[in-house]
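Since the structure comes first, as structure tokens, the remarks are kept for the end.
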Amino acid sequence: MATLLRSKLSNVATSVSNKSQAKMSGMFARMGFQAATDEEAGGFAHCDDLDMEHRQGLQMDILKSEGGEEGTEPPLEGDIHYQRDGTGPLPPSASKEAGVCSELSGQGKPKITAWEAGWNVTNAIQGMFVLGLPYAILHGGYLGLFLIIFAAVVCCYTGKILIACLYEENEDGEIVRVRDSYVDIANACCAPRFPTLGGRVVNVAQIIELVMTCILYVVVSGNLMYNSFPNLPVSQKSWSIIATAVLLPCAFLKNLKAVSKFSLLCTLAHFVINILVIAYCLSRARDWAWDKVKFYIDVKKFPISIGIIVFSYTSQIFLPSLEGNMQNPKEFHCMMNWTHIAACILKGLFALVAYLTWADETKEVITDNLPSTIRAVVNIFLVAKALLSYPLPFFAAVEVLERSLFQDGNRAFFPNCYGGDGRLKSWGLTLRCALVVFTLLMAIYVPHFALLMGLTGSLTGAGLCFLLPSLFHLKLLWRKLLWHHVFFDVAIFVIGGICSVSGFIHSLEGLIEAFRTNAED
């Protein structure tokens with residue numbers, strides 16, 4: 001009886017809390033504030049619902065509607081609290097076929113406009129990793145600039161065809177949304193023989209990209225601090241350890257509401273930093289080394305540049321969730337056009353003017369080239385942004401791992417890492433801490449921002465942005481496609497595959513060599 005009473009009180013408290021959060025979220029939405037998250041590709045629809053959007057965008061195995069156990073209370077109206085123990089029933093409106101669909105489509109939540117959706121996409125493709133683009137120009141010259149334009153065009157196109165795979169024609173000839181995530185599309189392509197294989201492949205790719213993004217944040221934090229204070233007796237590895245110590249509390253996160261409050265401020269600060277870098281470069285326009293930009297490539301290092309450029313455009317992970325939350329999904333194509341055109345222009349200008357300023361002395365992180373008088377200030381802001389951005393991909397990766405390995409019902413590989421009261425068990429917390437330490441070890445032994453970024457872009461970035469969207473588009477809609485669409489899809493798949501394999505091999509070779517060098521030291 002006492003247990004039942006506590007359960008009822010908990011449901012009532014949760015309902016009141018969620019309704020209050022919904023009001024606040026609606027107020028911020030009307031004011032035009034949206035979640036300003038980073039490029040790791042997580043959920044970007046609303047600041048207050050950031051943790052839920054991550055799970056939706058990544059299509060974790062969210063609770064299936066099984067009718068609930070006997071004696072359990074149905075959830076109160078409006079109560080969409082995420083049940084960590086995996087036993088919480090879905091809202092009554094969710095059917096078995098559309099269980100996740102109604103939640104992902106944004107029912108019961110304020111919809112976002114095309115401008116707000118564009119702001120979210122801009123945050124994803126204009127983040128911190130733009131700082132590595134001048135290094136790509138160093139090894140690619142004008143061809144590197146062409147690739148920045150080419151990647152923008154291709155990623156814009158594959159984003160559109162990925163959304164097209166969410167829709168099919170019903171019996172009445174109407175185009176309806178029958179899928180709600182990247183994972184749903186992948187599973188549909190592998191059905192009926194392997195109905196879950198495609199989703200698992202996509203989830204593995206997403207986990208790799210998220211974890212690598214966390215590693216990159218640790219690497220860039222150590223790199224920036226070391227170059228900001230070179231006179232201090234602290235090595236880059238030591239700075240990485242200090243940064244990880246600050247990040248260790250991420251293992252205790254239950255949601256991202258507290259962290260997401262700083263997202264907008266961090267993103268605006270990053271744009272200001274980019275403007276400062278460009279302003280400094282423009283002040284040295286008389287010394288620009290135009291003769292250094294040539295039509296040549298460094299055969300060994302240019303494939304790495306391809307991965308860097310591709311990784312800076314990754315946004316496909318959360319596009320299905322974003323499109324489902326738009327007030328008018330028909331504006332999605334227009335939104336993708338202007339966001340990628342703007343990204344292409346800004347990235348191209350930033351990379352070119354930065355390279356012209358420092359030419360052959362261009363470093364992996366361009367702010368390291370700034371004079372010491374302003375470098376420390378700029379880098380400290382960037383480190384703050386990196387540390388505040390780290391919890392987003394970390395939490396999303398943890399949720400995917402926990403849901404697939406520990407909370408997937410009878411298909412789980414390990415026991416549930418949450419107790420009956422929904423609290424994380426001690427060994428589950430240990431595994432989270434181990435993931436934080438793993439990102440540190442990778443950052444210590446392979447402290448090369450460009451190599452890690454190139455490897456991630458070549459492996460998961462090219463796969464999620466180039467290969468899989470074109471393959472899924474051909475598989476699901478090939479009977480309705482015009483010949484030029486088929487040509488584009490095949491061309492993107494072939495070119496993307498070649499670039500992905502080439503970039504992955506060269507990045508992996510560079511990482512192995514760097515790992516051996518660090519091990520010897």
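See the values below:
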| quantity | calculated |
| --- | --- |
| Matching option when the condition is surrounded by 16 or more Cβ atoms within 10 Å (Cβ to Cβ), at pLDDT below 90 and either touching a strand residue (DSSP E or B) at 6+ places or on another chain (Cβ under 8 Å) or in a loop (DSSP other than H, G, I, E, B) (or both), among Asp172, Asp180 | Asp180 |
| Scan of the range 235-255 for residues that are among the aliphatic types (A, V, I, L, M) and in contact with a Phe, Trp or Tyr (Cβ under 7 Å, 6 or more places away or on another chain), ordered by number | Leu247, Leu253 |
| Residues being farther than 20 Å from Tyr313 by Cβ and buried (at least 22 other Cβ atoms within 10 Å of the Cβ) - total across the range 220-233 | 5 |
| Residue match in the range 318-332 (condition: open to solvent by less than 40 Å² (accessible area, probe 1.4 Å) and touching a Pro at 6+ places or on another chain (Cβ under 8 Å)) | yes |
| Contacts under 7 angstrom Cβ, first residue in the range 427-443 being part of a helix (DSSP H, G or I) and of a type in the set (A, V, I, L, M), partner surrounded by 13 or more Cβ atoms within 10 Å (Cβ to Cβ) and modelled with pLDDT under 85, 6 or more apart | Leu429/Ala251; Leu435/Val398; Val436/Cys250; Val436/Ala251 |
| Any hit, the range 83-96, residues being modelled with pLDDT under 85, over 18 Å from the mean Cα position of the chain (by Cα) and open to solvent by less than 20 Å² (accessible area, probe 1.4 Å) | yes |
| Candidate set from the range 130-160 (those that are aromatic (Phe, Trp, Tyr) and surrounded by fewer than 24 Cβ atoms within 10 Å (Cβ to Cβ)); member that is farthest from Lys301 (Cα to Cα) | Tyr157 |
| Close pairs (6 angstrom Cβ cut-off, 6 or more residues apart or separate chains): more than 17 Å from Ile273 (Cα to Cα) and surrounded by fewer than 23 Cβ atoms within 10 Å (Cβ to Cβ) in the range 341-352, at pLDDT 90 or above and not charged (D, E, K, R) anywhere | Cys344/Ile149; Cys344/Ala152 |
| Close pairs (6 angstrom Cβ cut-off, 6 or more residues apart or separate chains): under 13 Å from Leu370 (Cβ atoms) and open to solvent by less than 60 Å² (accessible area, probe 1.4 Å) in the range 269-285, modelled with pLDDT under 90 and not basic (Lys, Arg) anywhere | Ile273/Val378; Ile273/Phe381 |
| Any hit, the range 250-257, residues being at pLDDT below 90, open to solvent by 50 Å² or more (accessible area, probe 1.4 Å) and not in a helix (DSSP H, G or I) | yes |
| Odd one out for Val353 among (1) in a helix (DSSP H, G or I); (2) under 22 Å from the mean Cα position of the chain (by Cα) | (2) |
| Unique residue being crowded, with 21+ Cβ neighbours inside 10 Å, in contact (Cβ under 8 Å) with a residue 60 or more places away in the chain and touching a helix residue (DSSP H, G or I) at 6+ places or on another chain (Cβ under 6 Å) when the list is Gln206, Gln236 | Gln206 |
| Residue count for the range 286-309, restricted to those that are open to solvent by 70 Å² or more (accessible area, probe 1.4 Å) and either touching a residue at least 60 places away in the same chain (Cβ under 8 Å) or part of a helix (DSSP H, G or I) (or both) | 11 |
| The lone exception for Leu166 - which of (1) touching a helix residue (DSSP H, G or I) at 6+ places or on another chain (Cβ under 9 Å); (2) modelled with pLDDT under 85 it fails | (2) |
| The range 460-512: number of residues that are open to solvent by less than 20 Å² (accessible area, probe 1.4 Å) and of a type in the set (Phe, Trp, Tyr) | 2 |
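The values are calculated or read from the model by the stated rules, or taken from the named source; none is laboratory data. Only a predicted model underlies this, so the values are computations on that prediction, with no experimental measurement involved. Neighbour counts are summed over all protein chains in view; Cβ atoms, including those assigned to glycine, are modelled from backbone coordinates with ideal geometry. We work out accessible area using only protein heavy atoms, side chains counted, and drop any ligands, DNA or RNA first. Shrake-Rupley method; radii C 1.70, N 1.55, O 1.52, S 1.80 Å.
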